[in-house]
1. Using the structure shown, decide if residue 364 is touching a residue at least 12 places away in the same chain (Cβ under 8 Å) and out of contact with any strand residue (DSSP E or B) (no Cβ under 9 Å at 6 or more places or on another chain).
2. Checking the condition free of Cβ contacts under 8 Å to residues at least 12 places away in the same chain, outside any strand (DSSP E or B) and of a type in the set (S, T, N, Q), which residue from 309, 244 passes?
3. Specify which of the listed residues (321, 345) is part of a helix (DSSP H, G or I), over 29 Å from residue 421 (Cβ atoms) and modelled with pLDDT under 95.
4. Residues of region 401-448 being in a strand (DSSP E or B) and among the hydrophobic types (A, V, I, L, M, F, W, C), which ones?
5. Checking the structure you have, find out if any residue of region 257-275 is in contact (Cβ under 8 Å) with a residue 24 or more places away in the chain, among the polar types (S, T, N, Q), within 21 Å of residue 184 (Cβ to Cβ) and open to solvent by less than 60 Å² (accessible area, probe 1.4 Å).
6. Looking at 256, 233, 238, 271, which is the one that is modelled with pLDDT of 90 or more, more than 22 Å from residue 192 (Cβ to Cβ) and over 28 Å from the mean Cα position of the chain (by Cα)?
7. Counting only residues that are touching a residue at least 12 places away in the same chain (Cβ under 8 Å) and open to solvent by 20 Å² or more (accessible area, probe 1.4 Å), how many does region 24-35 have?
8. Can you name the number of the only condition in (1) more than 30 Å from residue 254 (Cα to Cα); (2) open to solvent by less than 60 Å² (accessible area, probe 1.4 Å); (3) assigned to a helix (DSSP H, G or I) that residue 369 fails?
Amino acid sequence: MEQNGDNPLVAQFKEVCAVPDDVAVQFLQHHNWNLEEALHTFFRNDGILPQNGHSELRRRNIDSPSTSESFTEDIDLYRDRENSTSDLGSSTDDEYEEVNGQGLLQNIFGWVRTIVTLPFRITQLSVLAFYDLLTSIFYLFRHPALSVSDPRGDVASFIQRFNEKYCANGNGVEWYSGSYNDVLQESKNALRFVLVYLHGEHHQNTDEFVREKLLSGPARTFYERNNLLMWGASVRSAEGYKVSMNLRNTTYPFLALIGMRDNRMAMLAKAEGEHDLEPMLYTMQTAIDENIGHFNAVREARLQRDIDSQLRREQELEYERALAADRAKENERKRVESERLEAERKEQEERDAILKKKQSLEEMKSKIRNTLPEEPSAASDECIRVNIRFPSGQKMERRFLSSDTLEALFNVTLCHESCPDDFSLLSSYPRKQLNCHPSWYRAYGSGDMSDSPIPTFAEAGFPKASVVLVQDNEA
């Protein structure tokens, strides 16, 4: 083998991929110096060398059919050379030289074939890459990312067209009808994983992927078993293009599994380009199993928060009840105290009014006592003798002129020490109340007081000697 720096395969790999010698040698050695295989691996894996060998690359189905066929031929050629070498122990030197020459010719033929077909294969890769670039530019100018005006309408339009084209037999997908932001919020609220499908109508593998993989029985079983939120959009729509830029997809078909990790939404797994169904579902299921713990932790935290919140609400409710009972007791105590104080106030006002009225009456008694006229002579023809009897049993006799009004009888009776403050005067026979109260006495007495003028003794028909009874109106 020539030095790495002089090897034409290393030089061609460096020219195409713009990498140093050691990287080119690693990729070429990894693929048994098959330039086409090395170039495919470099571009498909973004310059990262896989660690699982050729079997892993074949299992993930990332190579084109033509590449896989060439890869198989190289492996068979390598095995033929190995078998030939193992038989040399029993051959002659001539046979060894003949076999060795044939192997050298086969190697030279393989390198020549690789070098001859390399420009065509590079051209094929370039055309595919250029097609993807043109498609992306077309979507960019047709639906600018800033022109999103009706994301829910874009999703609804995709669901309608998708069902009309692929789900005529009813075996469809239960798509989420909201926008991308809506489905992320629903994922947070419901703690469910989201499977995002970006639909490229013009891609050559789209129809086959949808019919044979996306809508297959195992895929639907996978959706239902994991209770996935299914969201899709066409990359030709503004909403689909925005999500495409956000998830940084480079080819189609495209699936992405999104879920919560470390309290934020993250893309947990994705499948770009052609994939076998079972490995693709296995990859998605593995991502779900690895990240379901985050959902469970959030679910338990929410449940604990709900329990704590319910406990706090019950405690607050109990506290409010106790506080309401205390307030009711306090209000009742204040009401009783207020009523007691009001009653005491009224009693005090009544006592003050009675005392004030009594004092005022005493002042009137003193004033009347000082103005009482002297008794007339008993020998006078107009003299009338009145015997006044008080409720206490005491008696008093007083002479009046027949021309005196009965108010004089009232004044004399009022000024006596045995006379109650509220009283009425009654004649003994016939027994009736005398109209003798002056108008000012209405404020102190409660008896039946007439509004007619007070008569004289003569007008009232008093005899020369009569008896008058004092009635206590408060007794």
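The values are calculated or read from the model by the stated rules, or taken from the named source; none is laboratory data. Not measured: the values here are computed from a predicted model. Cβ placement follows ideal geometry from the backbone for every residue including glycine, while neighbour counts extend to all protein chains displayed. For the accessible areas, the whole protein counts, side chains as well, though only heavy atoms, and no ligand, DNA or RNA atoms are used. Shrake-Rupley method; radii C 1.70, N 1.55, O 1.52, S 1.80 Å.
1. Criteria met by residue 364.
2. Only one candidate qualifies: 309.
3. From the options 321, 345, the qualifying one is 321.
4. Matches in region 401-448: 401, 423, 425, 426.
5. Within region 257-275, not a single residue is in contact (Cβ under 8 Å) with a residue 24 or more places away in the chain, among the polar types (S, T, N, Q), within 21 Å of residue 184 (Cβ to Cβ) and open to solvent by less than 60 Å² (accessible area, probe 1.4 Å).
6. Of the residues listed, the single one that is modelled with pLDDT of 90 or more, more than 22 Å from residue 192 (Cβ to Cβ) and over 28 Å from the mean Cα position of the chain (by Cα) is 238.
7. 4
8. So residue 369 meets the others, but not (2).
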